[in-house]
2 protein chains.
Amino acid sequence: MAHTDALSTDYVRELDRRDPLAGFRGRFVFADPDLIYMDGNSLGRLPKATAPHLDDVVQRQWGERLIHGWNEGWMALAGRVGGKIARLIGAQADEVLISDATSVNLFKLATAALQARPDRHKIVTDDLNFPSDLYVLQGVCERAGRPCELVVLPSPDGVHGPVDALAGAIDDDTALVALTHTVFKSAYRYDMDAITRLAHDAGALMLWDLSHAAGSVPVDLNGANADLAVGCTYKYLNGGPGSPAFLFVKEALQETLQNPIRGWMGQRDLFDFGLTYEPAPGLQHFLTGTPPVLSIAAIEPGVDLLLEAGMDRLRAKSVQQTEYLIHLWERLLEPVGFTLNSPRDAERRGSHVSVGHPDGWRIAQALINDMRVLPDFRKPDNIRIGVAPIYTSFEDVWQTMTRLHRIVDEGLHQRYDAGFGTAT
Amino acid sequence: MAHTDALSTDYVRELDRRDPLAGFRGRFVFADPDLIYMDGNSLGRLPKATAPHLDDVVQRQWGERLIHGWNEGWMALAGRVGGKIARLIGAQADEVLISDATSVNLFKLATAALQARPDRHKIVTDDLNFPSDLYVLQGVCERAGRPCELVVLPSPDGVHGPVDALAGAIDDDTALVALTHTVFKSAYRYDMDAITRLAHDAGALMLWDLSHAAGSVPVDLNGANADLAVGCTYKYLNGGPGSPAFLFVKEALQETLQNPIRGWMGQRDLFDFGLTYEPAPGLQHFLTGTPPVLSIAAIEPGVDLLLEAGMDRLRAKSVQQTEYLIHLWERLLEPVGFTLNSPRDAERRGSHVSVGHPDGWRIAQALINDMRVLPDFRKPDNIRIGVAPIYTSFEDVWQTMTRLHRIVDEGLHQRYDAGFGTAT
């Protein structure tokens, strides 16, 4: 294999033959075998086990068991599925719950963190954070009931996190440091240990958004002594469109932090129907309303597949695939004007790779419509290529890069308008 | 029929034969034909159309169309299903959205209402409200950033709303009046016009929780000029366990009220990924995170059935059924020690009826385990009998009441412990 060129079909097929996780591809639905799907970082594929599992929840649990379903599993569901996700992110089972949407959970935890640091006036974040995290934090800051400043540190290059600036900005007036661990655009991946230590050295709390990290890169929340985390389940966890999010609060903080959005599911002895709120013990009081059982149930089969594959093996394959992708970028795409908008260093990179081109939007349209490759696109020029190692093959990566090359080489994108349409 | 006794099987079967909505029963799953389900006020039955609809969403929309699903319907789903619910509650289509859980929506709207009345210091409610509504309002009040008092008016008798006390308590220091329209325990039903007028006359905003009202009683939010409403979809709307909730903001207030929990789905031009929050126009900015598509999709078939049946016909049947139930209570249950814990006046009553008995818990256990009737139970002595007119038959009502009579008459409940177990 050493003598075969990395651009050849023989080479890439040999990579797939040697892939110890190759068998997992068959556990997902590939309705259109000719479509190359490189957008698992936005919406994960459908596991084959999900539809029958959901059918059981609907037809048997709801249809037959009716209200008994609550005592026969639904009440425990948010904690049970949360406990499985905990194993993917280095947390204890009773530190993770499925609850609400990522932004609602971020609102809860950031509000609680500000309340736990009443004499401090700053939240520190960066401009690589997902924009809606900034919206939530702006709102939390404005409603803090005391002066509050949201410090948004600029990335030095739009790719890497502002690590030096963070060290300068986090001080004894900082209540909370809130960052996305693996950022949505460049896939830059923070050093969780080092940044959490920075926050703790200043007496601040540390919150990580794991939306692009959970199921894609190894995360060890307990190892880093992280305080708080949120994340979504519809990307690398394959939980389905808009599937509910998770939240993490480390055990030592669970009794002291207060959930600002109180609800029945967070009430101690909820069937007593007491008129006064009394928070349930542990993490339970961070729940609010009745959980959307069908959408939560759909999360479990995808998480089970990741647990079966193992995060270490998934990460090894992901690194091998993104390194290969970058090798192909160097040989095929850089010569025709593409930039690499993700970190070169695999240690600082998640599982997607962004490449940029002045004609990025038109190239993406040609890729989708003429080349049957589905990536996603982020303004102004960024094509994100998502590697989901549990079902992405090396040949998928190779096809994507060779087709991208062909589009620009043959000018196939020139028939598309330069204006932005609705993102796909 | 006039000469037939209301206790006879001939009589009750004739009622079912004459029921113009009887055909809708066949549109729901009855997995166990011997089970009499009187808990549709807690979890509605599964419509037959739901499983195939959800299977299409999972297998075709997610499995085949993948990320394209967002542009092919998912982005519009919260508004489209909300628009259908609007027709059941007397609102315009663009005044209702599916979003989050009921308690999260109550938090959003109550917080926004307090902010819109910055010089006022009171929220007025009653002790018939669902306890978690009180928990949310307590939390909102405590975090108002100014002095705030939650006034919880006691019901005069545990059954009827404290209408006179409300008139006295709502004053020019009241920011918000927040009540459950049809209350969960007694099914007392407020006069929405009159109470909304009281609030408006004092310059307060009016919020209605429609969880036990939507799909069960006619509601005319626009006719009453109500400002705000929330409600759940898993009771009379038959949306499935924990299905997401709805929120209503009247058109005139949509641009002025602010959502405290900002998110990407509420952002103007969301695919611009701007770093600063700019609320979307209309009601859209009251959305927060990515909507749980599977659980929202499951709401639609049940709502469609209610729209097809028509709220007027459903209400007529519901009143006829609860009147019949109370007639049977009078003849069969009052003589053996049952109280009626719901209003006698149909105009002030929703679609469930509560009956009480000192041995209520034990009787409920006998009813469930020995008599194959599934009601629900609320401490201390309250058996709630839910009439869901779209699938409940008159014979269901008759069987429930005659079996309750038999249990007490024959002492069948005495083999059960008097202690409370987990609610069913």
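The values are calculated or read from the model by the stated rules, or taken from the named source; none is laboratory data. Because the structure is predicted, anything quoted here is derived from the model rather than measured. Glycine also receives a Cβ, built like all others from the backbone with ideal geometry; neighbour counts cover every protein chain displayed.
Things to note:
- Members of the range B:1-60 found to be among the aliphatic types (A, V, I, L, M), within 23 Å of B:His405 (Cβ to Cβ) and within 26 Å of the chain's Cα centre (by Cα), listed by number: B:Leu35, B:Ile36, B:Met38
- The selection criterion, being of a type in the set (Ser, Thr, Tyr) and either closer than 30 Å to A:Ala49 by Cα or in a loop (DSSP other than H, G, I, E, B) (or both), does not hold for A:Thr402.
- Inclusion of B:Arg25 among residues that are assigned to a helix (DSSP H, G or I), more than 9 Å from every other protein chain (Cβ to nearest Cβ) and over 29 Å from B:Ser393 (Cα atoms) is not warranted.
- Test: residue in the range B:323-345 that is surrounded by 23 or more Cβ atoms within 10 Å (Cβ to Cβ), of a type in the set (Val, Ile, Thr) and outside the structural domain of B:Pro218 (by TED's automatic domain parsing): no
- Of all residues in the range B:258-277, those being outside any loop (DSSP other than H, G, I, E, B) and touching a residue at least 12 places away in the same chain (Cβ under 8 Å) number 4.
- The single condition from (1) within 14 Å of another protein chain (Cβ to nearest Cβ); (2) in contact with a strand residue (DSSP E or B) (Cβ under 7 Å, 6 or more places away or on another chain); (3) in contact (Cβ under 8 Å) with a residue 24 or more places away in the chain that A:Ala280 fails is (3).
- Highlighted here are the helices (runs of 4 or more DSSP H) found entirely within the range B:291-386 that include at least 1 residues which are away from chain A (no Cβ under 14 Å): B:300-309, B:311-328, B:360-369.
- Under the condition of being free of Cβ contacts under 8 Å to residues at least 60 places away in the same chain and within 10 Å of chain A (Cβ to nearest Cβ), the residues counted in the range B:243-255 number 1.
- Conditions (1) among the charged types (D, E, K, R); (2) more than 17 Å from B:Glu142 (Cα to Cα); (3) part of a helix (DSSP H, G or I): number failed by B:Lys108: (2)
- Pick from the range B:28-44, criterion over 13 Å from A:Val58 (Cα atoms) and either small (Gly, Ala, Ser) or not in a loop (DSSP other than H, G, I, E, B) (or both), ranking: farthest from the other protein chains (Cβ to nearest Cβ): B:Ile36
- Test for A:Glu14: is it assigned to a loop (DSSP other than H, G, I, E, B), more than 10 Å from chain B (Cβ to nearest Cβ), farther than 20 Å from A:Ser216 by Cβ and free of Cβ contacts under 8 Å to residues at least 40 places away in the same chain: no
- Check on B:Ala113, within 8 Å of chain A (Cβ to nearest Cβ), part of a helix (DSSP H, G or I) and of a type in the set (A, V, I, L, M, F, W, C): no
- Test: residue in the range B:173-188 that is within 25 Å of B:Gln115 (Cα to Cα), in a loop (DSSP other than H, G, I, E, B) and over 15 Å from the mean Cα position of the chain (by Cα): yes
- Any hit, the range A:215-229, residues being out of contact with any Lys or Arg (no Cβ under 8 Å at 6 or more places or on another chain) and either within 30 Å of B:Leu54 (Cβ to Cβ) or within 14 Å of another protein chain (Cβ to nearest Cβ) (or both): no
- From the list A:Pro147, A:Pro156, A:Pro118, A:Pro131, the lone residue that is over 17 Å from A:Gln258 (Cβ atoms), within 14 Å of chain B (Cβ to nearest Cβ), modelled with pLDDT of 95 or more and surrounded by fewer than 16 Cβ atoms within 10 Å (Cβ to Cβ) is A:Pro147.
- The single condition among (1) among the small types (Gly, Ala, Ser); (2) modelled with pLDDT of 95 or more; (3) part of a loop (DSSP other than H, G, I, E, B) that B:Gly419 does not meet is (2).
- Sole residue being surrounded by 24 or more Cβ atoms within 10 Å (Cβ to Cβ) and small (Gly, Ala, Ser), chosen from A:Gly242, A:Gly203: A:Gly242
- If you go through the range A:210-257 and pick out every residue that is in a helix (DSSP H, G or I) and polar (S, T, N, Q), you end up with 1.
- Residue match in the range B:69-83 (condition: surrounded by 16 or more Cβ atoms within 10 Å (Cβ to Cβ), free of Cβ contacts under 8 Å to residues at least 12 places away in the same chain and facing another protein chain (nearest Cβ under 8 Å)): yes
- Residue match in the range B:259-280 (condition: small (Gly, Ala, Ser) and either in the same structural domain as B:Ser342 (by TED's automatic domain parsing) or crowded, with 24+ Cβ neighbours inside 10 Å (or both)): yes
- Boolean, B:Phe271 is among the aromatic types (Phe, Trp, Tyr) and either more than 14 Å from chain A (Cβ to nearest Cβ) or farther than 30 Å from B:His68 by Cα (or both): no
- Options B:Asp94, B:Asp157, B:Asp100; residue that is acidic (Asp, Glu), in a helix (DSSP H, G or I) and more than 20 Å from B:Val177 (Cα to Cα): B:Asp94
- Test: residue in the range A:52-73 that is assigned by TED's automatic domain parsing to the domain that holds A:Ala316, of a type in the set (Val, Ile, Thr) and at pLDDT 95 or above: no
- When the range A:54-64 is filtered for residues that are crowded, with 18+ Cβ neighbours inside 10 Å and either more than 7 Å from chain B (Cβ to nearest Cβ) or closer than 17 Å to B:Gly302 by Cα (or both), the ones remaining, listed by number, are A:Val57, A:Val58, A:Gln61, A:Trp62, A:Gly63.
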